[in-house]
Structures are given as C-alpha cells and as structure tokens.
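To start, the structure itself, in structure tokens.
Read the figures in this text as sums done on the coordinates, not as results from a lab. Since the structure is predicted, the reported quantities are computational estimates derived from the model, not experimental observations. For neighbour counting, all protein chains shown are included, and Cβ atoms are generated from backbone atoms with ideal geometry for every residue, glycine included.
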Amino acid sequence: MKNVVKIAIADTFLTAYAKLPETAKRHTSDFLVKFRSNPTSPAIHYEKIASKLDKKVWSVRIDDTYRGIVLRQDESGVYMLVWVDHHDKAYEWASRKRCKINPFTGAIQLYSVQEIVEKVPAAGIFQNVTDEDLLKLGVPEEQLPYVRSFTSQEAFRKEKDNLTADVYEGLSWLLEGFPINEVLELMQAEKAENKPADLSEALDTVGNQQFFRVLEGEDDLQEMLKRPLDKWRVFLHPTQRRIVNKNYSGSARVTGGAGTGKTVVAMHRAKRLASRLVNRQRLLFTTFTANLAADIQENLRTICTSEEMQHIEVINLDAWVANFMRNAGYGAQIEYNGRFLHNMWEDAIDEAMVEELGLSADFYMDEWARVVIPQHALTPAKYLRCSRNGRGVRLDRSKRQKVWRVFEAYQRRMKAAGKRDVHWAMDECKLLVDKQHQSLYPFVIVDEGQDFSQIAMELIRSIAGEEHANDIFIVGDAHQRIYRNKTVLSKCGIQVRGRSSILHINYRTTEETRAYAFALLNGISFDDLDGDTLIHDECQSLTHGKVPVVKNFRSANNEIEFIAEQIHGLQKQGVPLKDICITARTHNLVDNYIQAFTQQGFRCYELKKEKLDDRQQEGLRFATMHRVKGLEFQYMFVAGVNFGVVPLNQAVDVEDAVARQEAVTSEKCLLYVALTRAQKGAYITSYGRKSQFIDK
C-alpha cells in the first residue's frame, strides 16, 4: 500500500532561501505552494543531476534561473526540499550529495562524499578516536577518511558545510575537550530507539525534527518563509524538544547560560500546552519586564497558529498585577517611580524621628522588599520575629522597634496618597487570589525566572492554584540576574526537584565571546533558582570567531572614531546596520552616543522601553544594557565601560555590605548579558579611566 505523502523542508533550505534576491524568493514561494499541493505533478519539472551519487537527489525548476534540490523517495511518499540556488550553483551543491539514514543513530544525513586523493602527512586531530567510536557518533562510513584528513581545528571548521549538523556537533564536542564517552552519551540520548525503515519513519523521530520539518499546511509553510533566518523557531535541538514535549507531574525548571535557548523552549512549551486548551481557557506566559513580554508576544506569533495564540496571554507580572487589582476594585495605584518612592521613605524617616540609627532610605527600601514583604510581616509583632539572615546590618530588638516606626509611617503615607510599591501590591494581590480558592490558569510559563522576587513567585504559585500536572514551567539563568532578586522556589511553594533540566549548548554566541563573558563572573557562586549551588552549569558554543576586542581611549571622541571605523568595516563586509547594536549602562550615555553617531552620518534607531525592535527599520541600534536583554545582534559594541559607570556608582553605593556585594554581582551579570547578545563578534570600549571589571 502506498504511504501517505509527506512534504518536508530542511533547515539547509531555509538557509539558502534567506540568501536569495527578493524576486527569486517570490518565485520560490510560488513554487512551494504548488509543490506542497502536489509534489508529483508534472508541473514540478523534476530533473536528474549529472554524476549524482544518490537516486533520491533531484533538481526542480523554480524559474528560468533558479533550481531547487529535492530528496524524493517515492516508495515512502517523502518529498523534501533541501536547497535552492542559481541553476549552476544548485547543481554543483547537489552533485556529490548522498542521503542515508545512519545505521547507528537513525539520523537522516545529507552529506557530501569527498575524494581524499593523498595520505595525510601530519597527525589528524581525530587520531585518538577509533573508527568504531566515529561511527557511533554518526560519521557516515564513506566520510571516515575525510574526517581523518583534518589536521587542524581551523580546517575542520572551514569544512562545516560538508558535514551533517549532527556529526559536526559531536566532533566539535570532542575538539572542545569532552571525553568520547560523554559525547557518545549525549549523542545516544538523541538516538532513535529503532532504526527507521525509510525517510517517512525517520521524519517522525525527535532527533530528525531538529533539522527537518514536515509541512502540515500552507499556513505552516508561509510562517516558515516569513523569517527563515530565525530557524530556531522551527527546528529544536532534541534536548530542547524533549523538554518541550515532556509531561511533568508538577512544576518544572530549566536553566542554562545565555544563548542556550531557554526562551525558545518556553515559547514552544507554550505552543504545545495551548494546543490542549479549549473554549476560553488561556495559559499565562509571564516575564519580568514589559519589553521582554512584547518581544515574546511577537515571536510567539511566528510559531503559533491564530487559534493557539487565542489561548496564550503574554504579559509581564507587574502589569498583570495592576490589571487584576483594578478589575477587583482595588483603588490604589502601583508606583514605580524610584524618585517618588525614595522621597516617601525619606519623609517616613523624618516622621518617625529615628535619625540616631543613621540608616538611609535605601536601607529601608531594601529591608521592606527583602525582609518585611517576603515574610508578610506587616505588623510590628511579626517584624520583630522576622528572620534577617543574609542582611549585613545587624538590628537588635530595640533597633527593630525603631525601624518599624519608619515602616508604619511609610504605609500611612502611601495609603494616604493612594499608592503601593510593586512588592506591597503583589502581597495584597496574592491575598485576593488566594481567596478565590481556584487556579486562574491551567498552566503558567515564567521566562527570566532568576529576576523574580520571592513575593512574585509566591503570587505565581497562587495564580496556578494547587500543584497539578504541568502547572508551572520556569526558565532562568542566575548568571543573568541583574535585578538582585534571589529566590528559592521551594520556599515559594513551587517544587521542582526531579523535574529540572540544564541546557548546555550555546546557539547564539561564539565560544570566544562566551568564554570572555563567562570569565567576568569567575569566583562568584551561582544558584539553581532553588537554593542549591549551580554545578555543571557552563555551556559550550560550537561556533568560533575572534576574541572580543577591548579598547580604552583617552577621550570620548577617540572612542567614537574607533567604533565608527569598525562599523564602516563591517558594512563593507555586508553586515546591515540593523544587525549592529551599541549599548551603554545609562539612558544619558545612550543619548550621547546617538547624538555622536548621528553627527557621524549614521542612521540611528533607539530601542526604547516597551518598544519592539522593528526589523523593517534600517539603522544602527542603540539601547541601554538592561534593554538589550532577550535580544541578539550580529555585532555588539558595549561602550562607555568607564570607572564609575560599570559598575554604576549609585547602584553599588549601598551601606549594607551584603547588599553591596549583591549589587556588584548584578553589575557584572549586566555586562555578561550585554556581551552575550553578540552572535559573531563583540567590542568593549571605554575612555578615560576604564572599569575595574575589565582592568586586567
């Protein structure tokens, strides 16, 4: 019986499609509609490829100039688009291609058969790996001599396109120093349980879904073609896909360094769970800031159907609290203005007449957010019994009583003004949610979980209701904790033991940039979001480039001239301005750089709070270091990394010694975040006295 026809598309096709001229893209898109409708139609114009090594490899006519390359297996009903290019280049690309299902891994492998003419005189970089182990890694037997011909890592990386992605990844792990048994264990986890009999069966396995996608309909096809460079939205690594598809008995947590795809996993998880919901059911996808929520909302639209999107509510938690409290008839307004709140605390100190304690408004703000609110100690009796472990300023009972007078005055003043700070509002919101005695959403997904406070996580627990299957899914990375909120999930009623995963592969940043950024955090202990020290946390990049360029200049003008020169060089290499970002620590510095580069003749585009990066707009990108979180660019310029700016004096000028150290760590994490937005290269520049973080 003839198999059901499967139309599939490979990630290699999307790579090639993205490079086509616009006219060729339109013709290719028109062709794909016909191809998806009926791949056996005579209108497809299949052509044999001269000297081809595999009868499954065919070319198809796109227009007078361009050709597509298709894997065609009539007996299994599979028709797979794998490449598109100018006629001659397409034929050249396909001429030595062979497609097989690997007997060891079950992977669909489309690879080039290379002729090794002469013996390698120098020692090969894989000489200590046996043929048996290379085969287990997935190296096709025909490519063993080719793999053994590499005598340098540079030569190996240059030949990346001649190896299948799974093989290149496994061999790269070996070159990064990982023992063969560990690499085999990693690759075995992705291996199909039973070797697929044909391409149709192989396309159903998790491992192959990283590189090949079966098209379900025309909408599916059009969504893929809209943003073909964002392939991660379509093709997931098997380790990511297992996390996305797994059914958990309760809450789950995913950690991993910058660039490992945590948000990608969270978004695909949302898509999967949304497909289960019916009628007016919705899941909550929440994150820490409004701009991240807006970015996620936009990205979800590229992977979800309109029906799935109707079942997903994306909103940052502060905004959710404001909406919920307003709908509940809550009269107070949530106040975010730091200056307003600081003045309120100073007035409360004056009213309480406790000047002899010598404690600043910053101390009281911190004590309120980190001791009073997390322990719901809104009465003097409760505050006197509070644990203050981890606080640097010691308070005996007498001092606590005086400190409470300030808290009392603060509450009185805020109520009179009809205001609440966000921590207090979340505490009151949690009380209202708890009174409903039900889950408000069947599923809650939390992005950037490391930035949420204890009261925020307790509120999320209340929103999700009593523990149930797949209730809360949290992704985060303590290395990117830039808001000093350190939370233990189990203390918030969120149990993730036995339901945790760590992502280790960095898909965004080169190994050189990743290693430099990670070294900034040397000597700092990081947690796993649940109170334990994070171990085995370091990820690895499988792409390579130059080490970040670090430059210090005598003046701001010299710095600007250097950056401008580098950008002109990148433009000559074909890098669009919109793929280059200049980031600085403060809004004022960003404004200064925009003015300077506008005068240099560059078109400038500022990424503001709660504003999406409109990729249709040309121009050099500018943003604060906080704003670039969650984004990525080909090249990052982290500018103005001066003494007193990074770390920012007012951020680390804290009287509590413990809080001061936390603030310094947060500033280092912020620099780490800024650097790891870079896909291909990063620059760190300063003028005058440079930051102590880079004074090496």
Per the helix-only calculation at 222 nm, which mean residue ellipticity applies to the chain, given -39500 (n - 2.57) for every DSSP H run of n ≥ 4 and division by its residues, nearest 500 deg cm²/dmol? -11500 deg cm²/dmol
Burial-style ranking of 386-397, 419-430, 307-318, average other-beta-carbon count within 10 Å with highest first, yields 419-430, 307-318, 386-397
Which value in Å does the Kirkwood hydrodynamic radius of segment 333-417 take, with 1/r averaged over all unlike C-alpha pairs and then inverted? 13.1
Determine which lysines satisfy two conditions relative to residue 271: a Cα distance under 22 Å, and not lying fewer than 8 residues away in the same chain. 226, 231, 246, 262
Sorted peptide list for 664-670, 568-574, criterion being average Cβ within 10 angstrom, highest first: 664-670, 568-574
Mean Cβ-within-10 Å packing, highest first, puts peptides 462-475, 84-97 in the order 462-475, 84-97
Cα centre as origin, Lys/Arg/Asp/Glu Cβ charges: the chain dipole, Debye: 600
Relative to the longest principal axis of the chain, what angle (0 to 90°, nearest 10) does the C-alpha long axis of helix 165-175 take? 70
Expressed in nm², what is the orientationally averaged projection area of the convex hull enclosing the Cα positions of the chain? 34.4
What do you get for the angle between helix 657-675 and the principal long axis of the chain? Use alpha-carbon atoms, 0 to 90 degrees, nearest ten. 30
Of 19/680; 158/551; 97/195, pairs whose Cα-Cα distance is over 26 Å: 158/551
Considering only DSSP beta bridges whose two residues both sit in the chain, what percent are antiparallel, to the nearest 5? 35
Could you give the length gained by full extension between residue 47 and residue 355, i.e. 0.36 nm per residue of separation minus their alpha carbon distance, to one decimal place? 102.1 nm
Rounded tilt (10° steps) of 454-464 against the dominant C-alpha axis of the chain: 60
Among 35, 273, 344, whose Cα sits farthest toward the positive end of the charge dipole of the chain (+1 at Cβ of Lys/Arg, -1 at Cβ of Asp/Glu, about the Cα centre)? 344
Can you pull the three principal axis extents for the Cα set of segment 372-440, in Å, largest first? 42, 29, 20
Take the alpha carbon gyration tensor of segment 332-375, find the square roots of its eigenvalues, order them as a ≥ b ≥ c, and report rounded if a/c is under 1.5; if not, report prolate when a/b exceeds b/c, else oblate. oblate
Cβ charges +1 (Lys, Arg) and -1 (Asp, Glu), total dipole of segment 333-417, debye: 520
What is the magnitude of the charge dipole of segment 123-191 about its Cα centre, with +1 placed on the Cβ of each Lys and Arg, -1 on the Cβ of each Asp and Glu, and no other charges, expressed in debye to the nearest 20? 180
Checking the a/c ratio against 1.5 first, then a/b against b/c, what shape does the Cα gyration tensor give for segment 123-191? rounded
Tensor-based shape of segment 548-687 (alpha-carbon gyration tensor, a/c under 1.5 rounded, otherwise prolate or oblate): prolate
